[in-house]
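A quick write-up on the structure given underneath.
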């Protein structure tokens with residue numbers, strides 16, 4: 001989407017910008033992988049999977065809205081930022097409008113999630129509430145996770161463990177070892193999206209007092225973190241194959257390895273706004289890997 005001025009953009013386009021559609025792949029992958037394991041184990045419940053997917057998308061959108069608002073209020077998002085355009089900082093949405101979006105996104109997610117609570121019990125209610133609180137606490141509250149080096153941890157836990165295992169649980173009403181191990185590459189590759197984002201913004205964030213993990217550990221170790229998550233993601237395939245599902249199709253995600261290698265080269269050679277393409281491709285890698293992994297598990 002090309003946006004030249006705030007005068008030419010429609011309100012609909014403004015909300016699309018604020019929802020950050022390129023990040024929404026992160027909400028899809030855990031549900032797809034968790035549901036594939038449910039299919040493999042003969043526990044698949046399509047309605048539960050669809051509701052889980054919608055709730056995950058709404059929580060991700062709500063989190064993006066909160067991030068947009070509170071990064072602006074904290075002064076860390078400016079019009080001249082290296083990353084993509086932000087709705088509130090650029091003036092295409094007001095703070096009042098984005099607050100309404102936050103309430104609607106999280107509120108609708110909670111209401112729809114009651115169906116999953118009906119299926120899975122109070123454990124799912126607790127998990128849902130914690131997920132919403134984490135989405136808000138990522139950049140808001142007295143101890144915002146993203147400003148204190150905990151954004152990566154939150155991303156790994158909620159997109160990986162909570163998203164994947166939770167999706168499986170609302171269908172199977174139990175936790176399987178396969179869903180746990182599968183959640184690791186899902187969480188690692190989605191977290192790598194954040195790693196690139198914070199790596200690109202580390203200089204701006206440091207000057208604005210936003211202590212992301214990339215700011216805390218520096219350029220060298222942030223790149224190593226990115227590579228390590230890649231290695232872990234492909235290594236887990238062997239654990240799943242030799243321990244839980246002896247099917248060669250489990251290794252289908254290896255087809256995405258050339259893209260992974262390309263991305264590693266990019267993060268070691270690109271700087272600033274040039275990393276926006278790396279960010280986009282990292283999101284696509286997480287989706288491609290997740291889709292191939294899901295197909296391999298089902299086959």
Quiz item: Tell me, which residue of the stretch 105-122 that is closer than 18 Å to residue 175 by Cα and over 22 Å from the mean Cα position of the chain (by Cα) is surrounded by the fewest Cβ atoms within 10 Å (Cβ to Cβ)?
Solution: 122
Exercise. Residue by residue through the stretch 185-215, note down the ones that are in contact (Cβ under 8 Å) with a residue 24 or more places away in the chain and farther than 21 Å from residue 267 by Cβ.
Key: 208, 209
Quiz item: Quick check: is even one residue across the stretch 264-275 without any contact (Cβ under 8 Å) to a residue 24 or more places away in the chain and closer than 17 Å to residue 185 by Cβ?
Solution: no
Practice problem: Could you pull out the residue among 49, 56, 38 that is at pLDDT 95 or above and surrounded by fewer than 23 Cβ atoms within 10 Å (Cβ to Cβ)? | Solution: 49
Quiz item: Quick one: would you say residue 290 is more than 25 Å from residue 28 (Cα to Cα) and modelled with pLDDT of 95 or more?
Solution: no
Quiz item: Out of the residues in the stretch 205-214 that are farther than 14 Å from residue 275 by Cβ and in a helix (DSSP H, G or I), which is modelled with the lowest pLDDT?
Solution: 207
Exercise. Output the qualifying pairs, or none if there are none: Cβ atoms under 7 angstrom, residues six or more apart or on different chains, first residue in the stretch 235-257 and under 13 Å from residue 295 (Cβ atoms), second residue in a loop (DSSP other than H, G, I, E, B).
Key: 247/299; 249/299
Exercise. Out of 218, 141, 151, report the one residue that is out of contact with any helix residue (DSSP H, G or I) (no Cβ under 7 Å at 6 or more places or on another chain) and under 25 Å from residue 274 (Cβ atoms).
Key: 218
Quiz item: Do we find a residue being at pLDDT 95 or above, in contact with a helix residue (DSSP H, G or I) (Cβ under 6 Å, 6 or more places away or on another chain), farther than 21 Å from residue 54 by Cα and assigned to a helix (DSSP H, G or I) anywhere in the stretch 167-175?
Solution: no
Quiz item: Hey, any hits in the stretch 188-204 for a residue that's modelled with pLDDT under 95 and in contact with a strand residue (DSSP E or B) (Cβ under 9 Å, 6 or more places away or on another chain)?
Solution: no
Quiz item: Only one residue in 163, 218 is in a helix (DSSP H, G or I), over 19 Å from residue 280 (Cβ atoms) and either under 17 Å from the mean Cα position of the chain (by Cα) or touching a residue at least 40 places away in the same chain (Cβ under 8 Å) (or both). Which one?
Solution: 163
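The values are calculated or read from the model by the stated rules, or taken from the named source; none is laboratory data. Because the structure is predicted, anything quoted here is derived from the model rather than measured. Cβ: placed from backbone, ideal geometry, glycine included. Neighbour counts: every protein chain shown.
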